[in-house]
2 protein chains.
Amino acid sequence: MYSSKINPIKSLSNVLFLPIWMMSKNIEKPTEAELKILKVLWQVGPCTVRQVHEALSYDKDSGYTTTLKLMQIMTEKGLVRRNESSRTHIYEATVSEADTQKQLLHKFLETAFSGSASKLVMQALGNHRTSKEELEQIRQLLDKIEKEKP
Amino acid sequence: MYSSKINPIKSLSNVLFLPIWMMSKNIEKPTEAELKILKVLWQVGPCTVRQVHEALSYDKDSGYTTTLKLMQIMTEKGLVRRNESSRTHIYEATVSEADTQKQLLHKFLETAFSGSASKLVMQALGNHRTSKEELEQIRQLLDKIEKEKP
DNA sequence: AAAAATATACGAAGAATTTCGTAATATAAC
DNA sequence: GTTATATTACGAAATTCTTCGTATATTTTT
């Protein structure tokens with residue numbers, strides 16, 4: 001990296017406000033294809049490769065060995081763990097959906113919205129149908145956050 | 001794609017509820033490196049390659065020709081347009097920041113949050129410092145949305 | 001006018017991700 | 001038990017994105 005003499009504040013602020021999740025141990029960031037697999041595992045629980053592959057084949061058109069290979073890589077990365085006691089291995093996610101979303105959101109917020117959570121939130125609310133119940137939940141969260149503020 | 005006989009509703013719903021922005025002409029999706037360049041152009045306006053490259057070199061450590069090449073590719077994709085009247089070309093973004101954010105957000109929402117805007121919003125609000133003013137803005141948006149509901 | 005600096009064009013290397021084909025092995029069916 | 005089927009292992013091709021080096025052309029400096 002370029003050692004900036006003009007704007008040292010930028011990198012400094014990054015250190016001071018390091019989000020909590022970044023301080024915990026390094027979680028491998030899933031790629032897009034890996035994320036699709038994780039979603040299946042989160043939704044239906046421990047699966048064989050075939051189960052995952054069937055679940056994906058509605059959206060995606062790639063061969064069985066592709067899914068297999070990805071899941072093998074994910075095992076190496078530690079994104080999933082597998083039970084090898086029977087010949088057909090059973091895979092399960094080792095990372096939680098919430099943690100992964102947190103991590104991906106942080107990255108996305110930086111790259112696409114330059115870190116402005118409120119801009120992102122307003123865009124998300126403005127362009128996507130959200131039920132009354134969900135809006136109410138968000139409102140409650142707002143209350144809670146504001147109450148905890150000075 | 002797999003022609004599903006089991007769940008034809010899925011693809012159907014995608015057609016029925018096609019978001020408005022998707023119906024407009026196809027915008028090329030910027031890659032991550034391209035997005036960084038766009039951000040400079042959005043922030044400072046029309047630029048030469050050198051200006052963009054200098055602006056980026058605080059965060060990024062790649063050569064001048066890399067930036068040049070990327071901007072040439074972006075021109076082909078139609079993400080930027082350039083004025084070639086003088087030897088040093090002047091580039092400007094052809095896509096707006098808001099439109100691009102909308103597009104990226106939609107994609108992200110689908111891949112990471114399975115389309116649940118409220119989940120994303122709550123995660124974003126929960127994990128990132130947001131000022132009182134911003135929270136108030138969001139609250140007002142909530143009011144506006146709920147008022148427009150049945 | 002020659003030399004130096006700066007710009008674009010463009011092919012191709014490098015890197016990361018996704019895809020597949022084939023071999024080896026185990027299980028199931030006959 | 002032999003054949004057929006299903007599963008894993010693994011290398012390597014295909015793809016996409018990023019990076020760079022070199023050639024060529026233009027402007028600026030000396």
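Restricting to segment A:104-114, give me the number of residues that are without any contact (Cβ under 8 Å) to a residue 60 or more places away in the chain and either among the polar types (S, T, N, Q) or crowded, with 16+ Cβ neighbours inside 10 Å (or both).
Step one: of segment A:104-114, the residues without any contact (Cβ under 8 Å) to a residue 60 or more places away in the chain are A:105, A:108-114.
If we keep only those that are either among the polar types (S, T, N, Q) or crowded, with 16+ Cβ neighbours inside 10 Å (or both) as well, we get A:105, A:108-109, A:111-114.
The number of residues fulfilling the criteria is 7.
Please give the number of the condition A:Gln101 fails out of (1) within 16 Å of DNA strand D (Cβ to nearest atom); (2) of a type outside the set (A, V, I, L, M, F, W, C); (3) open to solvent by less than 50 Å² (accessible area, probe 1.4 Å).
(1)
Do you know which residues across segment A:53-82 are β-branched (Val, Ile, Thr) and near DNA strand D (Cβ under 10 Å from one of its atoms)?
A:Thr65, A:Thr66, A:Thr67, A:Ile73, A:Thr75, listed by residue number.
I want to confirm something. Restricting to segment A:27-37 and keeping residues that are away from DNA strand D (no atom under 15 Å from the Cβ) and modelled with pLDDT of 95 or more, which single residue is farthest from the other protein chains (Cβ to nearest Cβ)?
Ranking the candidates gives A:Pro30 first.
Hey, any hits in segment A:126-139 for a residue that's touching a residue at least 24 places away in the same chain (Cβ under 8 Å), surrounded by 17 or more Cβ atoms within 10 Å (Cβ to Cβ), within 7 Å of chain B (Cβ to nearest Cβ) and not β-branched (Val, Ile, Thr)? Explain how you work it out, then say what you get.
Step one: of segment A:126-139, the residues touching a residue at least 24 places away in the same chain (Cβ under 8 Å) are none.
No, the conditions are met nowhere in segment A:126-139.
Looking at (1) out of contact with any Lys or Arg (no Cβ under 6 Å at 6 or more places or on another chain); (2) facing another protein chain (nearest Cβ under 9 Å); (3) closer than 16 Å to B:Gln123 by Cβ, which is the only condition A:Gln103 fails?
That leaves (2) as the condition not met.
Please go through segment B:36-67 and give me each residue that is more than 13 Å from B:Glu92 (Cβ to Cβ), crowded, with 16+ Cβ neighbours inside 10 Å and not polar (S, T, N, Q), ordered by number.
Passing the criteria: B:Lys36, B:Lys39, B:His53, B:Ala55, B:Leu56, B:Tyr58.
Under 7 Å between Cβ atoms, at least 6 apart or on separate chains: pull out the pairs that start in segment A:75-92 with a residue that is assigned by TED's automatic domain parsing to the domain that holds A:Gly45 and end on any residue that is within 11 Å of DNA strand C (Cβ to nearest atom) and open to solvent by 70 Å² or more (accessible area, probe 1.4 Å).
Correct list of pairs: A:Lys77/A:Glu28; A:Gly78/A:Glu28; A:Leu79/A:Glu28.
For B:Ser85, are the conditions met, namely being under 20 Å from the mean Cα position of the chain (by Cα) and away from chain A (no Cβ under 11 Å)?
Numbers: under 20 Å from the mean Cα position of the chain (by Cα): no; away from chain A (no Cβ under 11 Å): yes.
Answer is no for this residue.
Mind telling me which of the residues A:His89, A:His106 ends up being over 30 Å from B:Glu148 (Cα atoms) and at pLDDT below 95?
Exactly one of A:His89, A:His106 is over 30 Å from B:Glu148 (Cα atoms) and at pLDDT below 95, namely A:His106.
Can you report the number of residues in segment B:106-118 which are closer than 19 Å to B:Leu35 by Cα and more than 8 Å from chain A (Cβ to nearest Cβ)?
Count: 1.
Checking the conditions here, which among B:Val95, B:Val80 is away from chain A (no Cβ under 14 Å) and either open to solvent by less than 40 Å² (accessible area, probe 1.4 Å) or within 27 Å of A:Met122 (Cβ to Cβ) (or both)?
Just one listed residue meets the conditions, B:Val80.
Hey, can you tell me all the residues within segment B:38-60 that are touching a Phe, Trp or Tyr at 6+ places or on another chain (Cβ under 6 Å) and modelled with pLDDT under 95?
Those that are touching a Phe, Trp or Tyr at 6+ places or on another chain (Cβ under 6 Å) and modelled with pLDDT under 95: B:Ser57, B:Tyr58.
The values are calculated or read from the model by the stated rules, or taken from the named source; none is laboratory data. Note that this is a predicted model, so its numbers are computed, not measured. Note that we place each Cβ from the backbone using ideal geometry, even for glycine, and neighbour counts take in every protein chain shown. Just the protein is used for accessible areas: all its heavy atoms, side chains included, with ligands, DNA and RNA removed. Shrake-Rupley method; radii C 1.70, N 1.55, O 1.52, S 1.80 Å.
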